[in-house]
Amino acid sequence: MKKQIIILLLLVSGFTYVNAQELKVESSSSVNIEQLPEYVVITSENTKLLGGINITIDYKKSDYADVLEELEILLQNRKKLRIRNQTDLLNTMSKLGFEYIDAFNASAGTLGAGGGDDVIISGSSSKFRINIVFRKKEKFINK
């Protein structure tokens, strides 16, 4: 009975277990870790829409544009990896062969009203964007 309650709670909460082997099999068809650069900066933005984050990688004009775009598409695919927050992103990147290095604010944009004596500010909403720096684990670095 206790086990059934735990399973029910996990199903209701949307928890999905993906082991490293499954992740490697799913991701290997689209992203070759050896082709990725040593460092990758991933920007995540809280969407606040049913939870979750938006994940982007700036790959324009990069020598690694094609493979970085493939990585971005893979990370955004909620059916395969089910990344819903930064914790999921950190764990997924670790399983893909990257280690966390650092994180810093990309921006904190606020929407609101301002300017002039007659303006009434009724509130604002913010979105926070975080840049997370990852480095390939030693076994994947070409020396």
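The values are calculated or read from the model by the stated rules, or taken from the named source; none is laboratory data. Given the structure is predicted, the values throughout are model-derived calculations rather than measurements. Glycine also receives a Cβ, built like all others from the backbone with ideal geometry; neighbour counts cover every protein chain displayed.
The table below lists the values:
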{"quantity": "Test: residue in the range 99-108 that is surrounded by 12 or more Cβ atoms within 10 Å (Cβ to Cβ), in a helix (DSSP H, G or I) and not charged (D, E, K, R)", "calculated": "no"}
{"quantity": "Residue in the range 23-46 that is modelled with pLDDT under 85, over 24 Å from Lys137 (Cβ atoms) and of a type in the set (Gly, Ala, Ser) present", "calculated": "no"}
{"quantity": "Complete set of residues in the range 64-96 that are at pLDDT below 95, outside any helix (DSSP H, G or I), under 26 Å from Asn32 (Cβ atoms) and not aliphatic (A, V, I, L, M)", "calculated": "Asn77, Arg78, Lys79, Lys80, Arg82, Arg84"}
